[in-house]
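First comes the structure, then the notes that go with it.
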Amino acid sequence: MLSKTMEEALNRQVNRELYSSYLYLGMSAWFETLNLKGFAGWMMIQAKEERAHAMKFYDYIIARQGKVVLDTIEAPKAKWSSAGKVFEEVYAHEQKVTGMINNLVDIAIREKDHATFEVLQWFVKEQVEEEANAVMICEKIKTVGDTPGHLFCLDHELSKRK
Ligand code: FEO
C-alpha cells in the first residue's frame, strides 16, 4: 500500500502528465494553423505519449490500492511566435518534468517505497530521451531557419514519427 505522501505525489504527477498532453495538443493545433502537418503530427504523437505517461501513474496508483483523485487541468497557451520558440518551450517543459520525476524518486526513497522507486526508473530514463528529442529538434530548426518556408523539409522528416 502507498503512503499518503506518496499517493498524493503520484496523483499530482497524473495531473502534470495530463497537462503535458494538453500542452502538446495545443502546440499540435498551432502547427496545423501554419499547415506544418509533420510538426502537428509529431506533437499529436507526443500528446498521446503524455497521456500514456499519466495512465502509467494512474494504473500504478490503483495497483497499489491507492485512490486516484483527478484535478483541474490548467489551460495551455494557444499561440507561439515561431516553431523554434515552441521547441524551446518543449525543452524547458521537459526539464521541469525531469525535476518533478526526480522529486518523486526522492519521496520514494524517503518513504522507503522500493516498488515506486522501481516504477519511477522507467520515467527517469524516458526523461533523458524526452530532453534529447527536444534539443535535437531545436538544433535542426536553427540549422534550417525558423520560418514556415524553411521548415518544410524538416516538416517532412517529423511526419515520419510513428
Ligand atoms: Fe511525461 Fe514528456 O514527460
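Here are a few things to note about the model shown:
- Solvent exposure of H150, expressed as accessible area, is near 100 Å², computed with a probe of 1.4 Å over the protein chains only.
- In the chain, the DSSP-assigned H stretches of four residues or longer account for a calculated mean residue ellipticity at 222 nm of -27000 deg cm²/dmol, using -39500 (n - 2.57) per stretch and the full residue count as denominator.
- Contact order relative to length of the chain, as percent, for alpha carbon pairs under 8 angstrom and 6 or more apart: 32 percent
- Here the scattering of the chain is modelled by Debye summation over its C-alpha atoms, one equal scatterer each and no solvent; at q = 0.20, 0.21 Å⁻¹ the log10 of I(q)/I(0) is -1.21, -1.30.
- Here W30 sits with roughly 20 square angstrom of accessible surface, probe radius 1.4 Å.
- Whole-number accessible area per residue in Å² for segment 1-105, which is evaluated in the context of all protein chains at 1.4 Å: 49 Å²
- Exceeding the 32 Å Cα-Cα cut-off - candidates K56/K142; K77/K142; K37/K96; K4/K162; K4/K85: K56/K142; K4/K162; K4/K85
- Acute angle (nearest 10 degrees) that the helix 37-63 long axis makes with the longest principal axis of the chain, alpha-carbon atoms: 0 degrees
- Shown are T33, T147, whose ranking by accessible area with a 1.4 Å probe and every protein chain present, most to least, is T33, T147.
- Here the accessible area is traced with a 1.4 Å probe on the protein chains. For the chain, carbon and sulfur cover 58 percent of it.
- Taking R16, R51 and ordering them by how much accessible surface each has at a 1.4 Å probe, largest first, produces R51, R16.
- Long-range Cα-Cα pairs in segment 1-90 (distance over 22 Å), rounded percent: 36 percent
- Sorted largest first, extent of segment 22-74 alpha carbons per principal axis (Å): 46, 19, 6
The values are calculated or read from the model by the stated rules, or taken from the named source; none is laboratory data. Please read these numbers as outputs of a predicted model, since none were measured by experiment. All accessible areas refer to the heavy atoms of the entire protein, side chains included, with ligands and DNA or RNA removed. Shrake-Rupley method; radii C 1.70, N 1.55, O 1.52, S 1.80 Å.
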